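The next block holds one structure in the form of structure tokens; read it before the comments.
The values are calculated or read from the model by the stated rules, or taken from the named source; none is laboratory data. Note that this is a predicted model, so its numbers are computed, not measured. Because the Cβ atoms are built from the backbone with ideal geometry, glycine has one as well, and the counts that use them run over all protein chains shown. For the accessible areas, the whole protein counts, side chains as well, though only heavy atoms, and no ligand, DNA or RNA atoms are used. Shrake-Rupley method; radii C 1.70, N 1.55, O 1.52, S 1.80 Å.
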Amino acid sequence: MSRLSMGVIGLGEVAQVVHLPVLRSLPDLFEVTAVCDISPGLLDRIGGQYGVANRYADVVEMLNRERLDCVLVLNSDEYHAEAVVAALDRAIHVLVEKPMCLSPREAERIIAARDRSGAVVMVGYMRRFAPAFVEATEQIGKLGRINYARVHDVIGRNQLIIDQTIFVDRPDDIPRAKLEERWAKGRALVADALGDVPDVLAGTYRLLCGLGSHDLSAMRELLGPPRGVAAARQWRDGQFIAALLEYDDFLVTYETGVDEQLRFDAHIEVYGDLATMRVQYDTPYVRHFPTLLVTEESRGDGLHRTVSRPHLKDPYTHELEYFHTIVTTGGQPKTGPEDFVEDLDLFAELIRVMAA
């Protein structure tokens, strides 16, 4: 089995809590040979912690100087597209954390660069690689006619969980000018995607691109894309969202929000004529918390409840193993750029309905 040389772009929270530990657990598949971050302190400390000598403050410099098979793009969302396209222009395969980008124009650039290079681009939708979710996609036909579905994701801030379980190195050496540049770039990209919308709807869009992309992407794989958005509302300055999504002969409610409670409640529940199926997620920031598939069905006079826990391996590990397989054997990932564009289109439609 071939081992891929990997560059990691962005050494922040998700890299420290999830990706770098998972990569360390897969030494036969990946070797992290270079890291990149705008924080000199993170480069020094995290690079040292993982024994990576080749450390860069600039993505292009890293890509030009290193011989990499692939990169893992974990930097701030506003800069995902730049990093992805730069890697593709050098025929380097890419796994990019969701959201792949923030605007359709960026997505077009990424797709064009992929087509020029022939390299793989895969979007990091780890929930879709959880064994319980994969089992749900295989079993959903047994529910009979689908009558209703509920997509729910109301969680406490991730840091509330992280602070109890792992130390995260949060740098204080990023220049104020760099932060302001990032904020301005984010506003410009949202305007490019949506046009002139109030700040609160711009913030709602960013929540959809972040937390919401997990839920709606998984929904699309399980149920197919919705026909349209019947209703949508936001409140608490865009931190809570509820929507009614139309399918051909059933409806889906979508509800999401972030609060100050120390809990993680995310699930997709599908109600069929013959049975009900629920995919229950737990926080991804504590590794090996299992995703569960809960099925309820009537048998004679009784209601039977089955809980399936296919594997304790965390979804991020399954995702990276899948990425390795796609890169080394060929083929296109199920979470490719075109798949992500379907999410961008749905996010924009949700915002249009909220603005009406």
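Remarks
- The set of residues in the range 235-251 being open to solvent by 50 Å² or more (accessible area, probe 1.4 Å) and outside any loop (DSSP other than H, G, I, E, B) consists of Trp235, Leu244, Glu246, Leu251.
- Restricting the range 325-356 to residues that are part of a helix (DSSP H, G or I) and of a type in the set (D, E, K, R), the residue that is least open to solvent (accessible area, probe 1.4 Å) is Asp343.
- Odd one out for Asp163 among (1) touching a residue at least 40 places away in the same chain (Cβ under 8 Å); (2) surrounded by fewer than 18 Cβ atoms within 10 Å (Cβ to Cβ); (3) out of contact with any helix residue (DSSP H, G or I) (no Cβ under 7 Å at 6 or more places or on another chain): (1)
- Residue within the range 239-249 that is among the polar types (S, T, N, Q) and in contact with an Asp or Glu (Cβ under 9 Å, 6 or more places away or on another chain) present: yes
- A count restricted to the range 296-328 and to residues that are in contact with a helix residue (DSSP H, G or I) (Cβ under 9 Å, 6 or more places away or on another chain) and modelled with pLDDT of 90 or more stands at 13.
- Number of positions in the range 54-91 that are over 23 Å from Leu179 (Cα atoms) and touching a strand residue (DSSP E or B) at 6+ places or on another chain (Cβ under 6 Å): 7
- Any pair with Cβ under 6 angstrom, 6 or more apart, that starts in the range 8-20 at a residue that is part of a helix (DSSP H, G or I) and ends at one that is surrounded by fewer than 24 Cβ atoms within 10 Å (Cβ to Cβ) and aromatic (Phe, Trp, Tyr): Val17/Tyr285; Val18/Tyr316; Leu20/Tyr50
- Meets criteria (assigned to a helix (DSSP H, G or I), among the charged types (D, E, K, R) and surrounded by 14 or more Cβ atoms within 10 Å (Cβ to Cβ)) for Arg116: no
- Residues located in the range 132-149, provided they are part of a helix (DSSP H, G or I) and open to solvent by less than 30 Å² (accessible area, probe 1.4 Å): Ala132, Phe133, Ala136, Ile140, Leu143
- The requirement of being modelled with pLDDT of 95 or more and farther than 19 Å from Phe240 by Cβ is fulfilled somewhere in the range 200-219, by at least one residue.
- Selection within the range 166-211 - open to solvent by less than 40 Å² (accessible area, probe 1.4 Å) and out of contact with any helix residue (DSSP H, G or I) (no Cβ under 7 Å at 6 or more places or on another chain): Gly195, Gly203, Leu207, Gly210, Leu211
- Count of the range 47-60 residues which are loosely packed, with under 15 Cβ neighbours inside 10 Å and either closer than 12 Å to Ala83 by Cβ or aromatic (Phe, Trp, Tyr) (or both): 1
- Exactly one residue out of Ala91, Ala87 is in a helix (DSSP H, G or I) and within 24 Å of Tyr125 (Cα to Cα), and it is Ala87.
- Val286 of a type outside the set (Phe, Trp, Tyr), at pLDDT below 95 and either under 25 Å from Leu189 (Cα atoms) or touching a Ser or Thr at 6+ places or on another chain (Cβ under 9 Å) (or both): yes
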